[in-house]
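Derivation of every value follows stated rules applied to the coordinates shown; laboratory data play no part. As the structure is a prediction and not an experimental result, all values here were calculated from the model. We place every Cβ from the backbone using ideal geometry, glycine too, and count neighbours over all the protein chains shown.
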Amino acid sequence: MTSTALRSRAWKLLELVTTPLLPSDYLDLVSPLRAGADLRGRIEAVHPETPDAATIVIRPGRGWRGHVAGQYVRIGVDVDGVRLWRAYSVTSPTSRSDGRITITVKAIPDGKVSNHLVRRVKPGTVIQLDQACGEFVLPAAKPAKVLYLTAGSGITPAMGMLRDTRFADVVMVHSAPRPEDVIFRNDLHDLVADKALRLVELHTDTHGMLDVARLEELVPDWAERETWACGPAGLLDAAEAHWAEHGIAAKLHTERFRPTVVVAGDGGEVTFGKTGKTVAADGATPLLSVGEEAGVLMPSGCRMGICFGCVTPLKSGAVRDLRTGEITEAEDGVLVQTCVSAAAGPCELER
Amino acid sequence: MTAIDPTAHLTAEQIEELGRELDAIRDEVIASRGEKDAAYIRKVISVQRKLELTSRGILLFSIFPPAWLIGTAGLSVAKILENMEIGHNILHGQWDWMRDPKIHSTTWEWDHVSPAEQWKHSHNELHHTYTNVIGKDNDLGYGIMRVDEDQKWHPMHLGQPLWNFINACFFEYGIAAYDLELGKNLHKRRRKNPEFRARAKAVGRKIRRQVLKDYVIHPLLSGPSFLTTLAATFTANLIRNLWSHSVIMCGHFPEGVQVFERRSIVGETRGQWYLRQMMGSANISGSKAMHIMTGNLSHQIEHHLFPDLPSSRYAEVAVKVRALFEKYELEYVSGPLPKQVFSAWRKVFRLSLPNKKVKTPDRERELVAA
């Protein structure tokens, strides 16, 4: 018998001893980061970046498979006893030698998780982790000229890339309300001093919002550059329109932190079949939030309609895609993305 | 169904007002659930798992009497904690708000021969909805006992003290049987019902795993201590069964607790439902350790009013609930465990005989209380 087979036999035997629990339920008590456990991480330090942003140093569990610069990671944090999942860009380089990763979080008004992470979380806290994901990454072949167009916390994935890969010619156009609000300001200026970056730093409180048309004057060769843009929806919408207008949409890569909601309908009663709960939902609230509020265990992912981590069978009724307004009706095997779908009349989800 | 209705002095309006006041107590707890509560249940789970593991470890050497004694005591406490403060309450959804898939009513399985899924149906849906309604609430006499004077006496009831004792010793099997509604389903026609067969199969599977763990694998791992470990796990299960049976009897059986007729709950309002829970449950008084070991079912009244609030909050809720009992001049039935167990058993014995023509002292006591 091979050692793997032997080990699986021993594990089966162990399961007979621990039933109705699993051996891992006991191991988790002493070693939550071990290989083979659900992926978790331990917060080791919290470094303030600005008055309302901080970098969190996380030691990921043994199952962590690493990330590609620019990707984000989903973390599950218990805030006031309730597990909440959010996605944050990884801001540490892939080459970090101690195996730790960092995320950089900006506290947004009323943001439960962001405020908790920036202001209250204590080193030593164990959090839930997912493997890194996201398509907002550098291509295999290094582009000759790069532009990062960012604003606010949109700088975080760009910083992950900047720290990871050096380019011969890279420009960053970054907007923040005031100088003290610029996350990574010292790091950016160090890179400039090293001649590793040309930085255009805009302070919107004094200069107003960036008009994308001004790129012509700020970065005359912008159209030749492979561009990564991340920031508020307004900036990204304007950038996409601008690049499309010049027929170079393929050169622009964008990352959105939130889905754009275009259509909301009337809502209806949502039934969670497995849990046996029925709650009223409006037509604008994603079913994911509706379920979570009702205490139903909802799988979740990016919360913006990209990763499909939240898909759930729709057993009856209809739901509306909040991004397009499209209606999906229940049929055998129909799965819906609960993070971007709202009730369109009464409906039932298999949760 | 008692001769004198102890709630007769309340007007319909008062009952609805009482309901609103109870709703407010509930809302207050829900708004303040948080980190402390989450830390509490995680702590209990962690202590229980460590205690169980340690006790089972000690029992590997159960051939030595001190090891047997300590191991058996530890395993009994671990099993009680697991069923009462942890399993029962998690399966009620008391901790679902934490959104932790490892501590959730839809994923939890407990150290009990009745599969969580079936128990949740018979307990959460039937018992908690139809609390103390004769003919609807299986917990009331478990379908084998006479629990109220108004129920017709049958010679079979002579044996009910014995049935009750046997049920107490093998309580988890008794529960599995009535979660299956075995009495009703063993009729020839129903036995073939595929839905029943599937459920019976699930129970069989669960029993097999439980028995294999406690009576085969663990004794085998003990080597020369095989027999003593077997005796230890059997004893621990017996103690757990007797304990949980006693606690549960104290919840609805002691003198002073009301039972209800089927037709009395037709068209019941929220306020009336609350009132039935108040009159149909009894508490056990005692120390903090006592409350934890009963899974806070010592706060049975509060648990029945708010089955899905975290058990760690029942003690503070009890103060407010008790004040409402006083305000509305209702009897809050509560007493120390030995007294309540005695009271419940006395009722089992008394009702095993046909009603006496003259009123018993108990009936008079109720008249006075009313």
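Overview of results
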| read-out | value |
| --- | --- |
| Mean projection area, nm², convex hull over Cα of the range A:145-255 | 6.3 nm² |
| Taking N as its residue count, the alpha carbon Rg of the protein assembly as shown over 2.2 N^0.38 Å | 1.16 |
| Qualifying GluC sites (Glu not before Pro) for the range A:126-204 [loop in DSSP, other Cβ within 10 Å: at most 14] | A:E135 |
| GNM result for chain B, Cα springs below 10 Å: residue of B:A12, B:A168, B:A78 fluctuating most strongly | B:A12 |
| Two-site FRET efficiency, B:T11 against A:I108, from Cβ-Cβ distance with R₀ of 35 Å, rounded to 0.05 | 0.10 |
| Dipole magnitude of the protein assembly as shown about its Cα centre (Cβ charges: Lys, Arg +1; Asp, Glu -1), debye to nearest 20 | 3520 debye |
| Set of lysines near A:K195 by C-alpha distance (under 30 Å), chain-local residues within fewer than 8 positions excluded | A:K106, A:K142, A:K145, A:K251 |
| Distant-in-sequence amide H partners of B:W110 (H built 1.01 Å from N, under 5 Å) | B:A116 |
| Within 10 Å of each Cβ in A:288-295, the average number of Cβ atoms from other chains | 2 |
| Extreme residue, positive dipole direction of the range A:141-237, given options A:M159, A:P179, A:L218 (C-beta unit charges) | A:M159 |
| Estimated 222 nm signal from helices in the protein assembly as shown, with DSSP H stretches of n ≥ 4 weighted -39500 (n - 2.57), rounded to 500 | -11500 deg cm²/dmol |
| Percent RCO, i.e. relative contact order, over chain A, from Cα pairs under 8 Å lying at least 6 residues apart | 12 percent |
| For A:20-29, mean number of other protein chain Cβ atoms within 10 Å | 4 |
| Cross-link pairs B:K213/B:K288; A:K12/A:K274; A:K274/B:K120; B:K79/B:K120; B:K206/B:K288; A:K122/B:K36 - those with Cα-Cα distance over 24 Å | B:K213/B:K288; A:K12/A:K274; B:K206/B:K288 |
| Vicinal HN-Hα couplings computed from phi for the range A:265-282 (Karplus, 6.51 cos²θ - 1.76 cosθ + 1.60; Hz; Gly/Pro x) | x, 8, x, x, 7, 10, 10, 9, x, 5, 7, x, 10, 10, 9, 7, 9, 7 |
| Cut-off 11 Å between beta-carbons: net charge of the residues surrounding A:T150, Lys and Arg +1, Asp and Glu -1 | -2 |
| Size-normalised alpha-carbon gyration radius of chain A, reference 2.2 N^0.38 Å | 1.11 |
| Per-pair calculated FRET efficiency, R0 = 22 Å: B:A202 and A:A5 via Cβ, rounded to 0.05 | 0.15 |
| Calculated SAXS-style log₁₀ I(q)/I(0) at q = 0.09, 0.10 Å⁻¹ - chain B, Debye, Cα scatterers | -0.54, -0.67 |
| Listed residues A:T125, A:T18, A:T165, most fluctuating in chain A (Gaussian network, C-alpha, under 10 Å) | A:T18 |
| Between 0 and 90°, nearest 10: helix A:233-245 axis offset from chain A longest Cα axis | 60 degrees |
| Electrostatic dipole magnitude of the range A:145-255 [Cβ: Lys, Arg +1; Asp, Glu -1; Cα centre; debye, to 20] | 260 debye |
| Neighbourhood charge, 14 Å Cβ-Cβ cut-off, centred on B:G57 and excluding it, Lys, Arg +1 and Asp, Glu -1 | +2 |
| Charge dipole magnitude, Cβ of K and R +1, D and E -1 - the range B:1-137, Cα centre, debye nearest 20 | 920 debye |
| As computed over the range B:28-157, the Cα convex hull volume per residue (Å³) | 171 Å³ |
| Mean separation of Cα contacts under 8 Å, 6 or more apart, over the residue count of chain B: relative contact order % | 26 percent |
| Beta bridge orientation in the protein assembly as shown: antiparallel %, DSSP, nearest 5 | 60 percent |
| Per-selection Kirkwood Rh - the range A:65-165 (Cα, Å, 1 d.p.) | 14.6 Å |
| Stokes-Einstein diffusion coefficient of the range A:265-349, Kirkwood radius over Cα pairs, 10 °C, 1.306 mPa s, in µm²/s | 131 µm²/s |
| Between 0 and 90°, nearest 10: helix A:3-18 axis offset from chain A longest Cα axis | 60 degrees |
| Residue of A:T104, A:T275, A:T94 that the Gaussian network model of chain A assigns the largest fluctuation, springs spanning Cα pairs under 10 Å | A:T275 |
| Under-5 Å amide H pairs with A:R351, H placed in peptide plane, nonlocal only | A:G273, A:K274, A:T275 |
| Relative contact order for the range A:265-349, counting Cα pairs under 8 Å that sit 6 or more residues apart, in percent | 39 percent |
| Order of A:T2, A:T19 under a 10 Å beta carbon neighbour criterion, fewest first | A:T2, A:T19 |
| Dipole of the protein assembly as shown, positive end: most advanced residue of B:F171, A:V77, B:Y40 [Cβ charges, Cα centre] | B:F171 |
